[in-house]
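Notes for the one structure printed next.
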Amino acid sequence: MGTTQQVNDYQRIPPFVEIMDSTLRDGEQTNGVSFLPHEKLVIARKLMADVNVDRIEVASARVSEGEKEAVTMICRYAKSINRLERVEVLGFVDGGKSTDWIAECGGRVINLLAKGSLKHCTHQLHKTPEEHIANIIQEVKYAHERGLAVNLYLEDWSNGMKDSPDYVYQLMDGLAEYGNKSMEQMPVEDSIPMIRRFMLPDTLGVMNPLQVIEYFRKMMKRYPHLHFDFHAHNDYDLAVSNSLAAVLSGAKGLHVTVNGLGERCGNAPMASVQVILKDQFHAKTNINESQLNDISRMVESYSGIAVAPNQPIVGENVFTQVAGVHADGDSKDKLYYNELMPERFGRKREYALGKNSGRANIAKNLEELGLELTPEQTRRVTQRITELGDRKEIVTQEDLPYIVSDVLKHDVSKDRVKLISYVVSTSYGLKPGANIRVEINGKQYEAGATGDGQYDAFVKALRYIYKKYLGRTFPILANYQVSIPPGGRTDALVQTVISWHYHDGILRTRGLDADQTEAAIKATFKMLNIVELNP
């Protein structure tokens, strides 16, 4: 048999993969994260109605009254849209207490937590495998009597397969009869198995993809008719890879969280799992990709855990081209595109403006804004953006109209009044000061002054130069306005518009910079150059 045929026989990708989101349960186990009941409801509604996940795990039973309130509200909502079977709650082998708690909340599915390794069974429960199996069966039957469907977690299954596989098989052999009938084989009146899914977690995130494949193949071979989910943790940054390995080996369901929230290093991120399943393995899910960015932003806001800018799919920067050569290639034949088109996720491609962007990035942004410039004007705007990029991490598209206006209305090469250097300072208990050196019509002058603010001190030093060395009157400030582009970023460019009384009229000039004082100084020197041309 050839290698290709072996690979094809080995791969067992199901035609459809169930996605269970555990953001509201395992995701809430992220250090510092605690959702309020109404926040849980809002997130649950978004996950079910818009993102369209197949199932959501929303809480652990018997944790608190707040959890009970949240589960009750979510179950009430899910029932109103006929999706109550999609809502799941983690429960425990505790003599029916978890089952009763979930039933009181209106829930209909318990994700029962059993021990998937001999060490957990003997050291944590202090029970023999036979005792644990008997307790699980009793719990499953009680849940069934109360009308709850059961999914069974095998906690620490990954270590169980590593260190005590005979225990795992003993546990499964004792429970398989409660879930091993296919829907086609079962009579109508008994069409729901007592254990719908066996959920295999890598609880401590210790597995690699090769181990996932090996252990899943063993489970599939011994129990071919059972439905297996895989629940990955990301301690070795392998949660996504391990999830895909599980699917390749026959897993019918995967557990994910929004933004990869979860215990320690988190779980497999929903967005990453979804796009790799679809693009790399052509597997089908019910996920609405256009909502992935929205749910990411919502969970980011409620959890207080920021998404890394370079997080695939949902990070702020992942659809932003920085290098000018990339923008140039995109404009010629989409040379730097791949299947991850931002429109799939309700986003758009952006081209960063900074010292690395070049004319192609600027042309793309100008085109989107509907601005047309000559090649010379584009060159000057590019030069200005490069200068700003040396002092500021990024120049945004919202900044661009300010920059264009500033550059096109003022050519510094023709200035007769130039700022050579300056120092402004401020300190507690002392007046701000300024020391400046300027060049006026080819001759340099220096002066220093203090004032009520840094800019006031700067202007007083200028007035001193004009009065002492030039014997001229300095225009009087009439108005001072500051504005920033929309968005309210703390690093946004500042546009300062200053009005001056001059020759019985008003002279208005603008300055643009990331620093407010610098912007005001630039506006001031534009005014002085106008005055030199019109004394």
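The values are calculated or read from the model by the stated rules, or taken from the named source; none is laboratory data. The shown structure was predicted, so the numbers you read here are calculated from the model rather than taken from an experiment. Don't worry about glycine lacking a Cβ; one is built from the backbone with ideal geometry, like all the others, and counts go over all protein chains shown. Accessible surface areas use protein heavy atoms only, side chains included; no ligands, DNA or RNA. Shrake-Rupley method; radii C 1.70, N 1.55, O 1.52, S 1.80 Å.
Relative to the current alpha-carbon distance between Asn441 and Leu477, full extension at 0.36 nm per residue lengthens the span by 10.7 nm. Phi-derived couplings, Karplus 6.51 cos²θ - 1.76 cosθ + 1.60 at θ = phi - 60°, listed residue by residue for the range 136-144: 4, 4, 4, 5, 4, 5, 5, 4, 5 Hz, with x used for Gly and Pro.
Extension gain, Asp452 to Arg379: 0.36 nm times the residue separation minus the Cα-Cα distance gives 22.4 nm.
Of the trypsin sites (Lys or Arg not before Pro) found in the range 94-152, the ones in coil according to DSSP and having at most 14 other Cβ atoms within 10 Å of their Cβ are Arg146. Here the simple spin-label model places points 7 Å from the Cα toward Cβ, and for Glu145 and His126 these points are separated by 2.7 nm.
Annotation: extensible slack from Asp237 through Arg264 equals 8.6 nm (criterion: 0.36 nm per residue apart, minus Cα-Cα distance). So which lysines pass the test for Lys348, namely a Cα distance under 19 Å, with those fewer than 8 places away in the same chain ruled out? Output for Lys348: Lys332, Lys334, Lys364. Distances between placed amide hydrogens fall under 5 Å for Val93 paired with Leu113, all partners being 5 or more residues away or on another chain. Taking amide H as placed 1.01 Å from N in the peptide plane, Thr320 has its amide H under 5 Å from the amide H of Glu350, each at least 5 places away in sequence or on another chain. The 3J(HN,Hα) values that the Karplus relation (6.51, -1.76, 1.60; θ = phi - 60°) gives for the range 200-207 are, in residue order, 9, x, 8, 4, 9, x, 9, 8 Hz. Gly and Pro appear as x. Over the range 12-110, Cα pairs under 8 Å with separation of 6+ residues give a relative contact order of 26 percent. Over 18 Å apart at the Cα level, from the set Lys115/Lys252; Lys115/Lys162; Lys418/Lys522, are Lys115/Lys252. Amide H to amide H distances under 5 Å link Glu88 with Ile56, Glu57, Val58, where only residues 5 or more positions off or on other chains count and H is placed in the peptide plane. For the range 55-61, putting each phi into the Karplus relation 6.51 cos²θ - 1.76 cosθ + 1.60 with θ = phi - 60° gives couplings of 8, 10, 9, 10, 5, 9, 5 Hz, in residue order, rounded to whole numbers and with x for Gly and Pro. Surface composition of the range 202-306: carbon plus sulfur atoms hold 50% of the accessible area, using a 1.4 angstrom probe and ignoring ligands, DNA and RNA. Across all directions, the shadow cast by the convex hull of the range 278-317 built on its C-alpha atoms averages 3.5 square nanometres.
The mean accessible area for residues of the range 201-309, using a 1.4 Å probe and ignoring ligands and nucleic acids, is 37 Å² per residue.
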